[in-house]
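For reference, the structure is listed below as structure tokens.
What follows is calculated from the coordinates using simple rules that are stated; it is not laboratory data. What you see is a predicted model; the values in this text were computed from it and never measured. Note: ideal-geometry Cβ built from the backbone for every residue, glycine included; neighbour counts use all protein chains shown.
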Amino acid sequence: MPIPVILDCDPGTDDALAIFLALASPELSVLAITVAGGNVGLEHTLANALALTALAESTVPVHAGADRPLLGRFTSEPRVHGETGLGGVVLSRGGYATPGVAADVIRQILRESAEPVTLIGIGPATNLALALATEPALTAKVAQIVLMSGAWAEGNMTPAAEFNAISDPEALAILLACGRKVVFATLELTAQALVTPAVIATWQGLGNGQCLQAACDIQATVPPSRRLVGRGAPLHDPCAVAWLIRPELFTARSCSVRMDLGPGPGRGRTLIDRWDRTGDPHNAVVLETLDATGFFDLLGERLAVLP
Ligand code: RIB
Ligand code: CA
């Protein structure tokens with residue numbers, strides 16, 4: 001039976017490929033796509049999500065959500081994703097957002113679902129946190145929370161913090177305290193999913209569908225990571241989706257994770273205690289290794305079946 005999921009995102013170049021992967025995978029039943037501001041402003045992330053679902057000829061409802069974090073000011077990352085969020089690639093305009101604010105829709109789906117629902121978060125965690133903080137009893141209807149977020153070593157937004165985590169650290173802290181283990185695809189995991197021109201060329205040869213072409217065009221705009229000495233562009237968000245589809249491509253470790261919510265240079269840091277040094281209760285699972293070849297093969301195979 002397919003896993004019922006809600007995909008919360010901030011498209012975003014890597015979000016785009018994650019959305020395609022989720023929509024193309026029979027292992028998942030995407031009940032809704034909810035959107036936050038993140039890589040770029042909500043006006044662009046929402047338009048991008050609508051354009052991507054339209055390109056995939058998907059009827060999955062897309063709902064607008066938070067355009068800023070719970071506390072503090074909104075910050076975006078156009079240096080990686082371009083001013084409009086898809087690296088400058090222009091897609092045909094999508095449809096209209098389905099009425100209903102993301103957090104309300106997430107709660108409604110959890111309330112009405114006959115079975116627990118998996119929450120996938122690949123942007124700032126604001127929408128997910130708002131849903132669970134305002135109706136905590138619904139956590140009982142959450143099967144899993146799977147995030148691309150955090151890092152146990154250096155960040156990519158500050159030396160201490162990864163972009164999604166620092167974009168709304170209080171929201172991430174709420175998820176970590178909700179009573180459901182949070183599965184993390186951290187920067188160390190996604191650094192193993194390095195896209196190179198050769199990977200894109202392989203995908204390009206798998207078909208000529210519009211989604212495959214768009215994915216290749218979008219990914220080709222992403223510069224190699226300076227942080228990873230130019231060896232390639234880490235493909236972050238699809239890793240979180242792929243774990244649900246092919247967990248055998250990953251190894252994972254149960255551990256405790258705490259957030260640095262202070263105002264200083266460590267703000268937004270995910271304090272990932274992989275070696276149980278704190279003795280804190282395990283509230284997370286951290287994905288540690290990835291079979292990159294298997295991951296890229298899966299992604300290419302699924303991109304090729306889309307329209
Ligand atoms: O740090 C990478 C994460 O931040 C990805 O989700 C990317 O899309 C941005 O949202
Ligand atoms: Ca994202």
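Tabulated values for the structure
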quantity	calculated
Relative contact order %, the stretch 211-278, counting alpha carbon pairs below 8 Å whose residues are six or more apart	17 percent
For the chain, built as a Gaussian network whose Cα springs stay under 10 Å, the top-fluctuating residue of His81, His44, His282	His282
Within the stretch 25-131, GluC sites (Glu not before Pro) in DSSP loop having at most 15 other beta-carbon neighbours inside 10 Å	Glu27, Glu57, Glu83
Residue among Ala193, Ala114, Ala140 with the largest mean-square fluctuation in a Gaussian network model of the chain, springs linking Cα atoms under 10 Å	Ala114
Relative contact order for the stretch 125-254, counting Cα pairs under 8 Å that sit 6 or more residues apart, in percent	25 percent
Table column - 3J(HN,Hα) (Hz), the stretch 233-239, Karplus curve with 6.51, -1.76, 1.60, x for Gly and Pro	9, x, 9, 6, 5, x, 4
DSSP-assigned coil residues among trypsin sites (Lys or Arg not before Pro) in the stretch 84-126, each with at most 14 further Cβ atoms within 10 Å	Arg93
Charge dipole magnitude, Cβ of K and R +1, D and E -1 - the chain, Cα centre, debye nearest 20	380 debye
Isotropically averaged projected area of the stretch 186-307, using the convex hull of Cα atoms (one quarter of hull area), nm²	9.1 nm²
Along the chain, longest interval not containing exposed chymotrypsin sites (Phe, Trp or Tyr not before Pro), exposed being DSSP loop plus at most 12 other Cβ atoms within 10 Å	97-274
Alpha-carbon centroid distance for the pair the stretch 125-178 / the stretch 223-299, whole angstrom	13 Å
Val229 versus Thr289: modelled label distance in nm, points set 7 Å from Cα along the beta carbon direction	2.1 nm
Approximate spin-label separation Gln213-Ala153, in nm, with each point projected 7 Å along Cα-to-Cβ	4.0 nm
For Ala125, distant residues with modelled amide H under 5 Å away	Asp168, Leu172
The chain - percent relative contact order, Cα under 8 Å, separation 6 or more	20 percent
Student exercise, the stretch 173-307 dipole from Lys, Arg, Asp, Glu Cβ charges, in Debye to nearest 20	400 debye
Dipole of the stretch 250-307, positive direction: furthest Cα of Met259, Val305, Thr289, with charges on the beta-carbon	Met259
Under 5 Å, built H, 5+ apart or other chain: amide partners of Val182	Ala284, Val285
Label point at Thr221 placed 7 Å out along Cα→Cβ; residues across the stretch 82-116 whose backbone nitrogen lies under 19 Å	82-95
Dipole of the stretch 56-197, positive direction: furthest Cα of Ala153, Val183, Gln108, with charges on the beta-carbon	Gln108
Footprinting exposure proxy for Met259, Met157 (fewest neighbouring C-beta atoms within 10 Å first)	Met157, Met259
Lys/Arg +1, Asp/Glu -1 at C-beta; the chain dipole; positive extreme among Met1, Ser167, Ser92	Ser167
